[in-house]
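Only the coordinates and a few stated rules stand behind these numbers; no lab work does. Remember, it's a predicted structure, so these values are computed and weren't measured experimentally.
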Amino acid sequence: MIEMRVAGIAIDAITKSPIVMLKDSSDRRALPIYIGQDQAKAIISALEKQAPPRPLTHDLIVNLLEGWNMKLEKIIIHSLQDNTFYAILSVRQGEAKKEIDARPSDAIAIALRTGSPIWVMEEVVADASIPVDRDADEEERRAFRDFVANIRPEDFTQRRGYKTGPDS
């Protein structure tokens, strides 16, 4: 799993739909997730630390968690099927732990309100993320190609303490 953070909300230029942008810690990959207008407002209000005069749905869920001494340990965006992302809330109450199905947008809105980490399965990142830093990606590919091009069989045997040659 890869821990990600909310980088912000963007608007699709063609459809005018909101997109929540998640980024990894190195700012090398971004994961765009299309969401609804209401979820975008909920995420923005959490990012801006706005407190509504009365609890909205995500605030109500946080209040329920706190009222029952439950902790949102993390959210996990675990799969992508037919262009739909799936997530869970990983909740703990004492020794009991539950995973609750949730839309990623709702899970993110709740995670932001509770300060809980956002995790994404590596397969989802591999399938749906977009590169942010193409120069760093190319530099990494070049370094790996150089490494592979210059590796010799002796490099493996010497590291493990094996000796090769006439004295072995």
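Counting every pair of alpha carbons in segment 1-45, the share spaced more than 15 Å apart comes to 42 percent. Measure up Lys23/Lys49; Lys41/Lys74; Lys49/Lys74; Lys49/Lys98 against 24 Å on the Cα-Cα distance and list the ones that go over. Flagged as over cut-off: Lys49/Lys98.
Between segment 83-111 and segment 25-56, how many Å separate their Cα centres? Segment 83-111 and segment 25-56 have Cα centres spaced 15 Å from each other. For segment 26-109, the equivalent ellipsoid built from the Cα gyration tensor has semi-axes of 22, 19, 12 Å, listed from largest to smallest.
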